[in-house]
Amino acid sequence: MISINKHAGIYTLKVEQKLPISLDEAWDFFSNPLNLERITPSNMQFKITSGKPKPMHPGQIITYRVAPFKGFSTNWVTEITHVADKQFFVDEQRFGPYSMWHHEHHFEAKEYGILMTDKVSYKLPLGWLGNLAQQLFVYKQLQSIFNYRYTWLSKQFKN
């Protein structure tokens, strides 16, 4: 379900999920930034702060407030850099907790519905301290977030 690999100081997380929905339904749901709050664990206190997002488009800036762990919250700014209607979109961090964050969302029509693939390439700040943080809690937290999404989506879009 979830895999993370490291290459040249960059971690790449990949998650695949099969959903029994149409490509149109998947695109309508996932291309709406407001649904991020629904698929993010409540303990992260995820909140869009840039107002109601307009339809997704390249160059769109979306700001959030998020608590990556208890007692610490931060602002996060992402830009939608690429959009191919009903195929994929990419968001990249412009300001936030990572040195780099590049998140690809891919959608592929299949006989059972869709195959959705998330691919996140990220780099942590602070050199060896960031690598230690990856081992101690970042990996576990990302795994928890994507496990939550997987479970939520499976329940929401069940047959």
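Go through the stretch 96-149 and report how many residues are assigned to a strand (DSSP E or B) and either of a type in the set (Val, Ile, Thr) or within 20 Å of LYS70 (Cα to Cα) (or both). Steps first, answer last, please.
So in the stretch 96-149, the residues assigned to a strand (DSSP E or B) come out as 100-110, 113-123.
Narrowing the set further to residues that are either of a type in the set (Val, Ile, Thr) or within 20 Å of LYS70 (Cα to Cα) (or both) leaves 114, 117, 120.
The qualifying residues number 3.
So if I check each of PRO97, PRO68, PRO41, which one is touching a residue at least 40 places away in the same chain (Cβ under 8 Å), in contact with a Pro (Cβ under 8 Å, 6 or more places away or on another chain) and either within 27 Å of TYR139 (Cβ to Cβ) or surrounded by fewer than 18 Cβ atoms within 10 Å (Cβ to Cβ) (or both)? Can you show your working first?
Numbers: PRO97 fails: touching a residue at least 40 places away in the same chain (Cβ under 8 Å); PRO41 fails: in contact with a Pro (Cβ under 8 Å, 6 or more places away or on another chain).
After applying the criteria, what remains is PRO68.
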When the stretch 109-137 is examined, which residues are found to be without any contact (Cβ under 8 Å) to a residue 24 or more places away in the chain and not polar (S, T, N, Q)?
GLU111, LEU126, GLY127, TRP128, LEU129, LEU132, ALA133, LEU136
Of the numbered conditions (1) farther than 30 Å from GLU111 by Cβ; (2) surrounded by 14 or more Cβ atoms within 10 Å (Cβ to Cβ); (3) not hydrophobic (A, V, I, L, M, F, W, C), LYS6 satisfies every one except a single condition; which is it?
(2)
Filtering the stretch 57-71 down to residues that are within 14 Å of the chain's Cα centre (by Cα) and aliphatic (A, V, I, L, M), which residue is modelled with the lowest pLDDT?
VAL66
Lone unmet requirement of (1) at pLDDT 95 or above; (2) more than 20 Å from LYS6 (Cβ to Cβ) for LYS52:
(1)
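Being of a type outside the set (A, V, I, L, M) and under 19 Å from the mean Cα position of the chain (by Cα) is the filter here, so list the residues in the stretch 9-24 that pass it. Don't jump to the end; show me each part of the working.
Of the stretch 9-24, the ones of a type outside the set (A, V, I, L, M) are 9, 11-12, 14, 16-18, 20, 22, 24.
If the condition is that a residue be of a type outside the set (A, V, I, L, M) and under 19 Å from the mean Cα position of the chain (by Cα), then TYR11, THR12, LYS14, GLU16, GLN17, LYS18 are the ones that fit.
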So the check is Cβ under 6 Å with 6+ separation or different chains; which pairs have a first residue in the stretch 75-86 that's closer than 14 Å to SER50 by Cα and a second one that's basic (Lys, Arg) and modelled with pLDDT of 95 or more?
VAL77/ARG94; GLU79/ARG94
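Among THR63, THR81, THR49, which is in contact with a Lys or Arg (Cβ under 8 Å, 6 or more places away or on another chain) and hydroxyl-bearing (Ser, Thr, Tyr)?
Working: THR63 fails: in contact with a Lys or Arg (Cβ under 8 Å, 6 or more places away or on another chain); THR81 fails: in contact with a Lys or Arg (Cβ under 8 Å, 6 or more places away or on another chain).
Selected residue: THR49, the only one of THR63, THR81, THR49 that is in contact with a Lys or Arg (Cβ under 8 Å, 6 or more places away or on another chain) and hydroxyl-bearing (Ser, Thr, Tyr).
Being surrounded by 13 or more Cβ atoms within 10 Å (Cβ to Cβ) and touching a residue at least 12 places away in the same chain (Cβ under 8 Å) is the filter here, so list the residues in the stretch 26-38 that pass it.
From the stretch 26-38, those surrounded by 13 or more Cβ atoms within 10 Å (Cβ to Cβ) are 26-33, 35-38; that's our starting set.
Those that are surrounded by 13 or more Cβ atoms within 10 Å (Cβ to Cβ) and touching a residue at least 12 places away in the same chain (Cβ under 8 Å): ALA26, TRP27, PHE30, SER31, ASN32, PRO33, LEU36, ARG38.
The values are calculated or read from the model by the stated rules, or taken from the named source; none is laboratory data. Source: prediction; values computed, not measured. Neighbour counts run over all protein chains shown; Cβ positions are idealised from the backbone, glycine included.
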